[in-house]
Amino acid sequence: MSNDAVLQTAGLTKIFKGPDADIEVLAGVDLCVRAGESVSIRGESGAGKTTLLYILSTLELPDAGEVFWNGESVLKKSADWRAARRTTFMGLVFQSYYLIPELNALENVLMAARLAGRLNGETRQRAKDLLAQVGLSERLRHMPGQLSGGERQRVALARALLNKPALVLADEPTGNLDEHTGAEVMDIFLKMCAEEQVALCLVTHNPAFAARTARRLFMRGGVLEEIGSHEGTEAQR
Amino acid sequence: MPWYLYLALKQLFPSGRLVSLFCVVSVIGVTLGVAVLLIVQSVMNGFGKEIRDKLADTDGHVRIQGGGILYQTWPLVEMAEQIDGVEAVSPYAEGMVMMMHRNIPAFPFVRGVDVFGDEPIVPFDKYLRSGKFEDLDDETVFLGAGLAASIGAYAGSTVEVYSPLMLEKLKKDEVLLPRELTVAGIFETGYNEIDANTMIVTLRLMQELYGLNDGAHGVALRLKNRDDAVKVANQLNAQLQPPYSATTWLDRNSAMLSVLVLEKTVMSFIILFIVLVAAFSIASSLYTAVVRKTREIGLLGAMGARSRHTAAIFCLQGMIIGVVGSLLGVGFALLALHYRVNIIDAITAATDSRDMMIRFYKFREPPVHYEATDFVLTVAFALVVSTLAGLIPAWFAARLKPADALRNE
Ligand SMILES: Nc1ncnc2c1ncn2[C@@H]1O[C@H](COP(=O)(O)OP(=O)(O)OP(=O)(O)O)[C@@H](O)[C@H]1O
Ligand SMILES: [Mg+2]
């Protein structure tokens, strides 16, 4: 096990009991993400990408296999321990933004600090800074209903980064946005993850976005295939 | 502030808006229930207290009786005077007589009271509509208002009284001469039972009418605080030998008093349902919120929220609604009761029924009596019920698995 792996899995298996037949969605997934590394995962619809992200964050538990966060095996820990750890260890971004409609943009971002029990002047300032970095310095007190889709996803992004996580898991973060806005948000997203030196696990359908990550994986038949690194792409050209 | 309390408050009072509609509607429900409950209870307490006051006033707080005529009352009087909290003690005699005024007969109940004591056991001054208590002597009588009206007597009229003793004389074929008495005044307690058939004479006149010589039917006590009645009666009973025994006004009026209590209990029970209905509406709204917010609940889980804390968001909302609703309900009830005269005036003026109101109910200002236990019980009930109303949706929220909730697109 490499020392600087923020996230590592070994032989993850997940079988969903279906009405007709059992579906083996994951069939032994081995994955290693190093600190600050960006990894993209592509795959057919229904390949099991979302399922994999849920298992990586332990929102769902695998039928077999191991998950390590910062080298620590987490599946045997209590659910409370994992929940507490999740607040500061990882940020999650979803296709739908899931902002809390009763809170304004700034308060939504600060929810991450509240959940981690870290609400203070410092995190407030950081929330404002992050919102400024995603270009929303004029929209701090806007309610989610008053924000466009792209703006909402940027708020969700700031929320995921607030507690300085080691890892961000993103499930098609631009899936609900039009091409232009999607590209804009993805630009900001990749730039900020790089600036914050956060490891990124990005599920996307868009090959152009995948191409901008350091490592590219493809999910097929319940396992991950490496389809190239930056060096490899360079060589192919 | 814990984040779940923060979210609970924010869902009731969202940023940018003052308050959510759900919050307003739910709080109004609880407020109405609590307010109506308190108003009804306090007014019923008020009427109840008036009736109890009259029962206690007119009856003497504690009585000592000895299964017949007591020829020596002074040892009992002395014994009673020794006891703490006793304000006045005097012998009394009572019974039925027949009375005529201008050929209209009546069969009133007569109370013979000792006018030589420092203070009368029954505070007649409070109830006298005409005449002065000092005017009561062996030749005069006070009539209850209803009794006076039924025989057409008024202050200054002369009435003829026939006592049971005269029947004895009648048997012996003696000449029967009624006792002629002058009406010295009219009293009205507002308690119909008493006003319609009671007359007051001096103890000496009663002794004469009933042939008691120096005897009496018992000794009546007035206490400084009528709530001590049981205590005083117990102390007396510890010293008294049979056939003597002390009874309280509570014993003698137990049927009436238990009806009063029952009436209030039943009324409160019925009105409690307003609070219950309010709680059901809270529960259904919160349950809808849980369903509507399934994905946000999933997100909170993904961000590291524990399911019991997520559940607390909904439970706390019920509780906060309970607290705010109860406080407003208490405030509203106190306000409405404070301005009850104005409110009743406004209603009767609008419906042109003021005269009728006064004629039928004999009041313009309904009596009110606040009891701390009513407030404590009502508020506690509202709090418990609305918290429970939040608990059921909270349980559903706690059962949601974040992954399932997030997949719930
Ligand atoms: N709770 C569940 N119960 C049963 N089957 C499930 C459940 N969740 C997912 N599946 C199945 O697992 C498979 C993988 O689902 P998943 O959502 O991971 O796909 P995906 O790769 O994210 O697809 P997409 O690109 O469309 O988002 C699907 O065939 C789906 O039907
Ligand atoms: Mg998916």
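Laboratory data are not the source of any read-out in this text; all were calculated from the coordinates shown. Just so it is clear, the structure is predicted and the values come from calculations on it, not from any experiment. Backbone-built Cβ (ideal geometry, glycine too); neighbour counts: all protein chains shown.
Of note:
- Residue match in the range A:106-117 (condition: in contact (Cβ under 8 Å) with a residue 60 or more places away in the chain and of a type in the set (Asp, Glu)): no
- Considering each residue of the range B:12-33 in turn, at least one proves to be within 14 Å of another protein chain (Cβ to nearest Cβ) and aromatic (Phe, Trp, Tyr).
- Cβ pairs under 9 Å, 6+ apart, first in the range A:43-54 and without any contact (Cβ under 8 Å) to a residue 60 or more places away in the chain, second near ligand 2 (Cβ under 8 Å from one of its atoms) and part of a strand (DSSP E or B): A:Tyr54/A:Asp171
- Residue check, B:Ala333 surrounded by 17 or more Cβ atoms within 10 Å (Cβ to Cβ) and away from every other protein chain (no Cβ under 14 Å): yes
- For B:Lys171, the conditions (1) surrounded by 21 or more Cβ atoms within 10 Å (Cβ to Cβ); (2) out of contact with any helix residue (DSSP H, G or I) (no Cβ under 8 Å at 6 or more places or on another chain) are fulfilled apart from (1).
- For the range A:131-151, the candidate set comprises residues that are surrounded by 20 or more Cβ atoms within 10 Å (Cβ to Cβ) and under 30 Å from A:Asn70 (Cα atoms); within that set, the residue that is nearest to ligand 1 (Cβ to nearest atom) is A:Val134.
- Set A:Leu75, A:Leu52, A:Leu26, A:Leu31: member being away from ligand 2 (no atom under 16 Å from the Cβ), more than 10 Å from chain B (Cβ to nearest Cβ) and under 24 Å from A:Pro207 (Cβ atoms): A:Leu31
- Once the range A:106-129 is narrowed to residues that are more than 10 Å from chain B (Cβ to nearest Cβ) and hydrophobic (A, V, I, L, M, F, W, C), the residue that is nearest to A:Val168 (Cα to Cα) is A:Val109.
- Number of the condition not met by B:Ile121 [criteria: (1) more than 28 Å from the chain's Cα centre (by Cα); (2) crowded, with 22+ Cβ neighbours inside 10 Å; (3) not in a strand (DSSP E or B)]: (1)
- Tally of residues being closer than 30 Å to B:Leu334 by Cα and either in contact (Cβ under 8 Å) with a residue 60 or more places away in the chain or touching a Gly at 6+ places or on another chain (Cβ under 6 Å) (or both) across the range B:40-75: 17
- Consider the range A:168-186 and keep the residues that are surrounded by 24 or more Cβ atoms within 10 Å (Cβ to Cβ) and not β-branched (Val, Ile, Thr). The one that is nearest to B:Gly304 (Cα to Cα) is A:Leu169.
- Complete set of residues in the range A:157-181 that are within 16 Å of ligand 2 (Cβ to nearest atom) and small (Gly, Ala, Ser): A:Ala170, A:Gly175
- Comparison of A:Gly43, A:Gly91, A:Gly36 shows that the only residue that is within 14 Å of another protein chain (Cβ to nearest Cβ) and surrounded by 15 or more Cβ atoms within 10 Å (Cβ to Cβ) is A:Gly91.
- Summed over the range B:292-347, the residues that are assigned to a helix (DSSP H, G or I), without any contact (Cβ under 8 Å) to a residue 24 or more places away in the chain and charged (D, E, K, R) give a count of 3.
- Spans of helices (runs of 4 or more DSSP H) in the range A:1-120 with at least 1 residues within 16 Å of ligand 1 (Cβ to nearest atom) and touching a strand residue (DSSP E or B) at 6+ places or on another chain (Cβ under 8 Å): A:49-56
- Tally of residues being part of a loop (DSSP other than H, G, I, E, B) and closer than 17 Å to B:Glu78 by Cβ across the range B:222-240: 1
- When the range B:52-76 is filtered for residues that are among the aliphatic types (A, V, I, L, M) and surrounded by fewer than 19 Cβ atoms within 10 Å (Cβ to Cβ), only B:Ile69 remains.
- Taken over the range A:174-200, the criterion of being more than 14 Å from chain B (Cβ to nearest Cβ) and within 16 Å of ligand 1 (Cβ to nearest atom) is satisfied by A:Thr174, A:Leu177, A:Gly182.
- Number of residues in the range B:124-153 that are out of contact with any Gly (no Cβ under 6 Å at 6 or more places or on another chain) and part of a strand (DSSP E or B) equals 5.
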